[in-house]
Each structure stands twice: as C-alpha cells, then as structure tokens.
Amino acid sequence: PGLGEKPAAQDGAAPRQLAYEHSVSFDAEPERLPAIHATGLAACREAGAAACTLLESRIDSEPEAEAALKFRARAQVIPRLVAAMGNKAELAHQSTSAEDLSGPIADTARRLTMLQNYRDRLEDMRNRAGNDIDALIKVNHELAEVQSQLEAADGMRAELTQRVETET
C-alpha cells in the first residue's frame, strides 16, 4: 500500500494488524531547513492533536546542516505531512516498513481474558472466606497482584492498538 493506505484482507481472512513506519528524506539547501522544519510542524499542528503527535524535532547546524521530525499520525495525515514538506524541498528517499502485530495483540487479549477469569475466581474465594483472616489476607494479596498484571496487560494492549491505528 502507499503512504497512509491499509491493505485489504485477502480471501476472507481477518485483516493483519500492521504497524507502519515511513521514512522520508528531502534534499534542501541548509538555509531552507528551518522553513521546511516549521512547515512539517505546522502540518502536524493543523491535523490536530488526535490525528498527529510530534515525537521528535531536531535541527542541527554543525558539523552538517540537518533537520529531523518524527510523528505518530493517523494514516490519512501521513501523505499530507510529506506533501507539505515536499512543497519546499526535493524528495530524496522514501520507504515504508510494517511490523505484523497480529500475534502480540492476540496474545495480549488471551492474557487479559485469563487474568480477568482468575480475578473473578479470586473474588469468589474472597467472598467465601468468611471470617478466616489468613485466607482473606492471602486472597487479597493475590488479587492485588492480579490487578497489577491486568493493568500492565491492558497498557500493552493499548500501546499495540495505538501502533496499529497510527503510523510513525
């Protein structure tokens, strides 16, 4: 697929969960770098915070003049960012790579389900523990551990989902 285009599912299969990364380089005279850099920043800002986030911004003058921008953006914003900067400089390099996150996303979903089921069983045990203080302490300790693991797995799921829903 081109910049910002997601591949269609093939043969009725579920679509792959791909995280795209684009690399684009422009050639320009050193004195034009600040203007090109500012144009890229403005294009991201115009797209809005929900559609484009600046991850890195750099301008170097020594030993060689160079500028770099790194964005996490919605697929439809990527071509606009490239076009905005391309209006002020000559495209020198463009590449796209993708990482298939289908496996890690499925693994995380299974882990979340397993942990939620375990937490539910622990809560049942806590309700049946009655006045057994030792049992309540052990179950509550285990519940705290499971809740921590659930939150970590949910954070991982959110990060993987963000990587699929946006592009770098």
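Here is how the number arises for the chain: DSSP H runs of 4 or more residues each give -39500 (n - 2.57), the sum is divided by the residue count, and the result at 222 nm is -17500 deg cm²/dmol.
Counted by Cβ distance under 14 Å from Arg119, the other residues give a net charge of -4, where Lys and Arg count +1 and Asp and Glu count -1. Accessible surface computed residue by residue for the chain, with neighbouring protein chains in place and a 1.4 Å probe, gives 64 Å² per residue.
When the alpha carbon gyration tensor of segment 47-144 is reduced to an equivalent ellipsoid, its three semi-axes come out at 53, 17, 13 angstrom, largest first.
Here the extension length gained between Lys88 and Glu151 equals 18.2 nm, from 0.36 nm per residue of separation less the Cα-Cα distance. Using C-alpha pairs below 8 Å separated by at least 6 residues, the relative contact order for the chain is 33 percent. Rolling a 1.4 angstrom probe over the chain with all protein chains present gives an accessible area of which 48% lies on carbon and sulfur atoms. Distance from the alpha carbon centroid of segment 91-168 to that of segment 21-65 works out to 36 angstrom. Label positions at Arg16 and Lys138, each projected 7 Å from the Cα along the C-beta direction, are separated by 4.8 nm. Between Ala38 and Asn131, residue separation times 0.36 nm minus the direct Cα-Cα distance comes to 26.8 nm. Available extension along the chain between Ala50 and Ala98 is 15.1 nm, counting 0.36 nm per residue and deducting the alpha carbon span. Here's the picture: a label point sits 7 Å out from the Cα of Ser23 along the beta-carbon direction, and within segment 90-118 the residues with their amide nitrogen under 14 Å of it are 92-99. With the simple model of a label 7 Å out from the Cα in the direction of the Cβ, Thr161 to Asp107 spans 2.0 nm.
The values are calculated or read from the model by the stated rules, or taken from the named source; none is laboratory data. Note that the structure is predicted; figures quoted are calculated from it, not measured. Using ideal geometry, Cβ is built from the backbone for each residue, glycine included, and neighbour counts are taken over all protein chains shown. Side chains are part of the model used for accessible areas, which takes the heavy atoms of the whole protein and leaves out ligands, DNA and RNA. Shrake-Rupley method; radii C 1.70, N 1.55, O 1.52, S 1.80 Å.
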